[in-house]
Amino acid sequence: MQDRHGDAGSSKARRALQPLAPRDSRPSPSARERTSTTATTGRPPRLSHRSRAGCWTCRGRKVKCDEAHPRCGPCTRLNRDCDWDHRWNFSDATTSTQGKYSNINTSGNAVWDPSVRHDSGLSPVLDAQDDLPEFAVLTNDEDRERKAVMQRPGTYGVVVTPESFHDLPEYAAAAASSPFGSRRTSTNSSRGGHGSPRSGITRASTLPALTDENTIILDKFEEVSPTAATNVAPFTISESESRRSSYPEDGLQRLSISTAAYSSSLASAPLTPASQPEDYLIRHFRQYIVPRLCQPQQDSNAGAILQTTAEVLESEATRFPPLHHAMCAVSALNLSNNGRATLEDAMQHYEKALSASAAATTPHDLLSDGVFFRHLLLFVYDICIPTEAGDDDTNMWAGHLTHLRLLAMQRHQLRNHAPYAYALWTICQLDMYACLMGSGGCEFVETITRNNMLPPLEHQIPPQALVMSPGAGPFHPHEMQIFPPVLRLNEGIVLRAAKLAQTAHNFRQEVKGPGPIPPGTYAQWQAATASLQNDLHTFWQQAYPVNLGHDTIAASNALPERVRAVFDNAVLLYHAATIYSRTSMFRGQRQIPIASQYDINTDTDNRAQAILHVASQQIENRKVASRQSVFPIFMAGFAAKNPDVKLHAIELIKAFEGYGIGSNTYRTRQLLVAVCEEQRRLASIGGRMEDVEWLVIAKERGLSVVNCGL
């Protein structure tokens with residue numbers, strides 16, 4: 001009973017706080033109306049069971065929200081748009097704050113103490129004649145600054161909202177894709193509750209009416225010109241920087257609205273060191289993004305390896321600024337998934353990174369490491385952005401991959417070797433996974449293999465240091481015997497999986513029309529697929545390290561961490577490529593009867609179970625940075641016949657969500673759920689699960705992804 005009364009008391013305390021009103025909400029009834037309603041019904045008001053931090057969709061429906069990002073459970077279950085947009089509530093908290101904190105003293109304050117004389121010398125231009133019109137009539141920021149310095153601080157106020165930045169070119173792409181992108185029709189400031197005319201949803205639905213004539217809501221943000229910034233004498237830049245340096249660092253990092261510094265007017269000012277938003281993006285890139293791109297790194301020396309890779313990129317970024325913006329773009333894209341940055345920030349850095357064509361003019365500059373890494377990071381950025389399935393030539397990621405292919409060839413011809421070869425091997429794997437998902441044709445891998453540009457085995461892993469000490473090698477002493485054969489095994493599986501993907505791409509290119517496929521074509525496809533399957537299995541048997549047992553699970557547990565990461569990837573890809581060759585090479589492949597069908601189905605189920613077991617161990621050991629595991633899990637869930645196995649695969653993919661760079665893992669889970677639902681629907685009406693084509697569903701429902709893990 002004490003707990004119940006305690007909960008009721010806390011609920012009443014929470015209810016006393018006025019929550020933010022949901023979108024399109026109606027004003028709350030007056031106290032008299034509430035009293036009359038309660039007296040009429042005779043029922044006491046119930047305690048609210050809704051979350052005050054949930055999404056606006058659930059709050060508008062008055063249901064409980066589990067607060068999951070980027071899409072909560074109720075919205076996912078009911079296929080609703082999960083609204084996590086900001087809401088703004090401007091209210092005067094002066095009285096409540098002064099009552100709550102009795103130790104606050106406002107005497108002598110120029111803003112909060114009315115008894116302070118106007119001629120107290122707070123501003124050197126306070127006694128100047130004010131010949132400007134009313135504050136709300138002013139149309140530019142320079143006039144507002146001139147009028148503000150003639151009055152006491154706090155007299156005038158300018159409010160900016162996300163709508164204020166709507167018309168800026170940097171935000172045009174995001175506004176065009178927004179369902180409310182066309183709602184603005186005016187660029188005038190609104191004041192005193194008089195909103196500017198607009199069509200559709202107006203600001204009145206999100207902002208309360210302003211009754212203060214000295215406070216305006218800025219419809220269009222205007223950047224302060226450099227001359228205006230230097231003409232405002234009472235508030236110098238050094239004072240601004242000193243105040244900013246005293247703010248909490250975390251508070252500055254969470255700011256999503258900022259303006260660029262003017263190097264021409266601020267270069268000579270004595271600046272106090274302060275944490276800038278770009279510094280936060282670079283730090284996040286070093287600590288979070290690099291481990292997702294630099295594999296393997298699960299080792300006691302992981303910190304040194306990651307630091308080495310980060311130092312390479314950051315040193316190149318100092319010489320080539322577009323690379324710096326590419327790093328910030330990828331970092332901001334990841335942070336935008338959890339609200340710590342905005343997608344507009346990522347887009348701005350992306351556009352600045354594309355300006356390399358103006359900075360790199362000489363042939364040496366065009367073949368520099370900075371240009372190569374710039375295209376690599378923009379390639380990663382673009383494959384992390386959800387795109388509709390279509391012609392690969394229209395996709396930005398395909399364009400960056402083409403640039404990388406040409407740069408790799410020219411750099412190899414110029415230097416007779418591939419600098420940073422582990423980055424080249426990373427691109428090969430990304431190209432292979434993109435082709436397996438139905439995007440691209442593995443041209444990068446084909447070019448690398450045809451021109452004998454494959455990195456040596458010891459160069460397929462990140463170096464341990466920028467400058468190796470004499471006698472030091474790429475492997476640790478306890479890895480010398482086992483790491484090279486495991487790398488050789490992984491390389492062969494990746495190349496054969498790429499050949500499978502390229503062959504499947506060619507099959508799909510041969511038949512683009514809706515007409516029936518001739519039986520002779522099916523026979524040729526089956527023969528080519530069988531040859532690739534035999535090559536894959538033969539290589540696995542021949543390249544599998546002889547000192548490892550046939551039980552891959554036991555063998556993996558006995559390996560060093562860094563070697564185990566590569567070995568697990570090879571095992572997962574081998575099983576996934578085998579399942580892919582049996583199910584996804586061409587449309588209608590599973591409908592063709594073949595000999596020993598029962599044995600093949602049993603072997604496929606066993607491989608699916610093996611994939612899920614390895615992935616479960618990675619989750620238990622918190623190896624979520626290994627993003628290459630998501631595609632094998634997807635193939636296991638698609639090919640398995642047992643509903644429990646399918647559900648387990650969906651749960652494992654969900655466990656990998658939130659640890660990638662973009663939202664591809666979430667979309668992969670959506671695709672697997674859609675495929676499993678279609679398989680269950682066909683089975684319920686007497687059909688066959690084998691008739692479901694996951695590539696067709698991905699294209700029809702807009703769930704195509706280029707990479708499952710990033």
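Under the condition of being within 29 Å of the chain's Cα centre (by Cα) and modelled with pLDDT of 90 or more, which residue from the range 443-490 is surrounded by the fewest Cβ atoms within 10 Å (Cβ to Cβ)?
Top of the filtered list is E443.
With the requirement that a residue be farther than 16 Å from H375 by Cα, surrounded by fewer than 17 Cβ atoms within 10 Å (Cβ to Cβ) and not basic (K, R), what does the range 401-442 give you?
If the condition is that a residue be farther than 16 Å from H375 by Cα, surrounded by fewer than 17 Cβ atoms within 10 Å (Cβ to Cβ) and not basic (K, R), then Q413, L414, N416, H417 are the ones that fit.
Of all residues being buried (at least 17 other Cβ atoms within 10 Å of the Cβ) and closer than 15 Å to H476 by Cα in the range 299-319, which is modelled with the lowest pLDDT? Just the residue, please.
Here the residue is D299.
Are any of the residues in the range 580-602 in a helix (DSSP H, G or I) and farther than 30 Å from Q524 by Cβ?
no
Please go through the range 673-710 and give me each residue that is in contact (Cβ under 8 Å) with a residue 12 or more places away in the chain and over 27 Å from I661 (Cα atoms), ordered by number.
E678, Q679, R680, R688, M689, E690, D691, V692, E693
Out of the residues in the range 535-579 that are of a type in the set (A, V, I, L, M, F, W, C) and outside any helix (DSSP H, G or I), which is farthest from the chain's Cα centre (by Cα)?
Going through the qualifying residues, I end up with V546.
Could you look through the range 144-163, keep only residues that are modelled with pLDDT of 75 or more and within 24 Å of A346 (Cα to Cα), and pick out the one that is surrounded by the fewest Cβ atoms within 10 Å (Cβ to Cβ)?
For the range 144-163, the residue satisfying everything is V160.
Run down Q609, Q618 and say which single residue is among the polar types (S, T, N, Q), more than 26 Å from R587 (Cβ to Cβ) and more than 25 Å from the chain's Cα centre (by Cα). Show your work before the answer.
On the way: Q618 fails: more than 25 Å from the chain's Cα centre (by Cα).
Result of the check over Q609, Q618: Q609.
The values are calculated or read from the model by the stated rules, or taken from the named source; none is laboratory data. No experiment lies behind these values; they were computed from the predicted model shown. Here the Cβ is made from the backbone with ideal geometry for all residues, glycine too, and neighbour counts use every protein chain on show.
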